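Written below as structure tokens is the structure these notes are about.
The values are calculated or read from the model by the stated rules, or taken from the named source; none is laboratory data. Computed from a predicted model, the values in this text were never measured in an experiment. Virtual Cβ from ideal backbone geometry, glycine too; neighbours counted across all protein chains shown.
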Amino acid sequence: MALDRNAPNDLNAFWMPFTANRQFKKNPRMFVGAKDMHYTTSDGRQVLDGTAGLWCCNAGHCRPKITEAIQKQAAELDYAPAFQMGHPVAFELANRIIDIAPKGIEHVFYTNSGSESVETALKLAIAYHRARGESTRTRLIGRERGYHGVNFGGISVGGIVNNRRMFGTLLGGVDHLPHTHLPGQNAYTRGMPEHGANLADELERIVALHGAETVAAVIVEPVAGSTGVLIPPKGYLQRLREITKKHGILLIFDEVITGFGRLGTPFAAQYFDVLPDMMTTAKGLTNGVIPMGAVLTTAAVHDAFMQGPEHVIELFHGYTYSGNPIASAAGIATLETYREEGLFERAAEIAPYWEDALHSLKGLPHVIDIRNLGLIGAVELDPIAGEPTKRAFSAFLAAYDKNILIRTTGDIIAMSPPLMITKAQIDTLIGTLADVLKKLD
Ligand SMILES: Cc1ncc(COP(=O)(O)O)c(C=O)c1O
């Protein structure tokens, strides 16, 4: 049967991820094309992308340099074994990533997704301590409302209840910091909130409870995205760094959404001027075009493994597609696109306009908070009593009908447009969202 790219006639087989499958299949929303800031729908509409796909298409869509690099690489070297063999493109990409990474970050371990980057970093943390003779350090500390992907390590250190509750007892030896969302004190903050840095001190309590010698790592998102955009309070991340350092605990920043320009710097670590021991990345690394992730580490983490006989594998971990040639080529072309178009700087420049536009929604029906940092924004809605998530989901559907793509999590609308967005497009996005909110039940 010929493939109809505009209207498949049977939607049954594909079990869609993180989707209300039955609702979707009754009334599908299909994208069939994309260019720069817009998607094309199967009914021929242009939809303004307010979310960079899923926080990943930071350079916009179908960018020529990336497309060409993929085509060329696919024709030249399609695949090379990832274990005990190499190819130049993966090495080149690693060097380019380190060029823009914070000073002190020196090595790249490739994965295929944010979830795999998280699993890799958690395993590295435990193995790092063991390699240095501290094998009692196995405990992992995450944070309430954290999102670290969907694999077992990630959901264990993560703190989103719906992502955890169906899946049994998860990893043992995990504890959680409190989240930093303090609507009573910080509602409608522009940028970083004033209140909440002291919540990092809870780490002292957790460490005292378990004993520092049992703790391997703390993992947090510098800006929590999937849980509804929680901006770190001023001084909070610095405090986490101080406490982890004091106790010999590794600090992992999950930069899967904050990496590659979202805050106007290459990584959030540079924006907040806090150097973690490891950073997990994915998404914007290849502009979302080809699955790829990477864990970035300091020399100290890497070097701890580089011992013993040289013919022996130092780390028993890796993926068939780690550093895949086509993904690596996409990564290089993506980083070049960011640089040539000055997209990170552009995000920094336009961020104040974005902030003003977002906060103009204050006072509209059901809006109870607005938060922003860099090119990230969230509008929190008052939930319908007894029907959590319904109001925001209705907003999402109405927005799609009005040709803008937003994202919702719980009753929070989250936005993270491609970094190429113009002021006029911000006006369209926020103006249309205002119209949607005014008509929402
Ligand atoms: C902070 C963070 N970590 C990990 C992930 C998981 O990434 P992936 O969906 O590529 O596995 C995400 C995805 O949104 C994320 O936001």
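Some notes on this structure:
- Residue count, the range 385-408 (criterion: assigned to a strand (DSSP E or B) and buried (at least 16 other Cβ atoms within 10 Å of the Cβ)): 4
- Any chance residue 341 is in contact (Cβ under 8 Å) with a residue 60 or more places away in the chain and among the acidic types (Asp, Glu): yes
- The lone exception for residue 218 - which of (1) hydrophobic (A, V, I, L, M, F, W, C); (2) crowded, with 24+ Cβ neighbours inside 10 Å; (3) away from the ligand (no atom under 14 Å from the Cβ); (4) assigned to a loop (DSSP other than H, G, I, E, B) it fails: (4)
- Meets criteria (assigned by TED's automatic domain parsing to the domain that holds residue 316, away from the ligand (no atom under 15 Å from the Cβ) and closer than 25 Å to residue 204 by Cβ) for residue 145: no
- Unmet requirement for residue 77, which otherwise passes all of (1) farther than 25 Å from residue 408 by Cβ; (2) not assigned by TED's automatic domain parsing to the domain that holds residue 315; (3) not small (Gly, Ala, Ser): (2)
- Pair list, Cβ < 9 Å and 6+ apart or interchain, from the range 294-319 residues that are exposed (fewer than 14 other Cβ atoms within 10 Å of the Cβ) to residues that are of a type in the set (Val, Ile, Thr): 299/105
- Qualifying position, being within 30 Å of residue 433 (Cα to Cα) and crowded, with 24+ Cβ neighbours inside 10 Å, among 280, 286: 286
- When the residues of the range 184-224 are filtered to those that are in contact with a helix residue (DSSP H, G or I) (Cβ under 9 Å, 6 or more places away or on another chain) and among the acidic types (Asp, Glu), the one that is nearest to residue 271 (Cα to Cα) is 221.
- Here residue 82 meets each of (1) surrounded by fewer than 16 Cβ atoms within 10 Å (Cβ to Cβ); (2) more than 16 Å from residue 176 (Cβ to Cβ) with one exception, condition (1).
- Any hit, the range 114-129, residues being away from the ligand (no atom under 16 Å from the Cβ), surrounded by fewer than 22 Cβ atoms within 10 Å (Cβ to Cβ) and farther than 14 Å from residue 302 by Cα: no
- Only one entry of 76, 92 meets the criterion of being surrounded by fewer than 22 Cβ atoms within 10 Å (Cβ to Cβ), modelled with pLDDT of 95 or more and within 24 Å of residue 262 (Cα to Cα), and that entry is 92.
- Filter pass, residue 189 being polar (S, T, N, Q) and more than 16 Å from the ligand (Cβ to nearest atom): yes
- Answer residue from the range 148-164, given it is surrounded by 19 or more Cβ atoms within 10 Å (Cβ to Cβ) and within 16 Å of residue 282 (Cβ to Cβ) and is nearest to the ligand (Cβ to nearest atom) among those: 149
- The range 107-213 holds helices (runs of 4 or more DSSP H) entirely within its bounds, and those carrying 1 or more residues that are more than 21 Å from the chain's Cα centre (by Cα) and either closer than 20 Å to residue 239 by Cα or at pLDDT 95 or above (or both) map to 114-131, 183-186, 202-210.
So that you can scan it fast, the table gives a plain yes or no per residue for (1) among the aromatic types (Phe, Trp, Tyr); (2) under 23 Å from the mean Cα position of the chain (by Cα); (3) over 28 Å from residue 19 (Cβ atoms):
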residue: 276; (1), (2), (3): no, yes, yes
residue: 290; (1), (2), (3): no, yes, no
residue: 315; (1), (2), (3): no, no, yes
residue: 322; (1), (2), (3): no, yes, yes
residue: 331; (1), (2), (3): no, yes, no
residue: 366; (1), (2), (3): no, no, no
residue: 385; (1), (2), (3): no, no, no
residue: 392; (1), (2), (3): no, yes, no
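- Selection count, the range 223-264, where residues are aromatic (Phe, Trp, Tyr) and within 16 Å of the ligand (Cβ to nearest atom): 2
- Residue in the range 97-105 that is hydrophobic (A, V, I, L, M, F, W, C), within 28 Å of residue 270 (Cβ to Cβ) and outside the structural domain of residue 146 (by TED's automatic domain parsing) present: no
- No other residue among 212, 208 is under 12 Å from residue 141 (Cα atoms), without any contact (Cβ under 8 Å) to a residue 60 or more places away in the chain and more than 16 Å from the ligand (Cβ to nearest atom) apart from 212.
- Selected residue (only one of 267, 272, 305 is in the same structural domain as residue 81 (by TED's automatic domain parsing), under 13 Å from the mean Cα position of the chain (by Cα), more than 20 Å from residue 154 (Cα to Cα) and not β-branched (Val, Ile, Thr)): 267
- Residue list for the range 223-237, filter: surrounded by fewer than 23 Cβ atoms within 10 Å (Cβ to Cβ) and free of Cβ contacts under 8 Å to residues at least 40 places away in the same chain: 235
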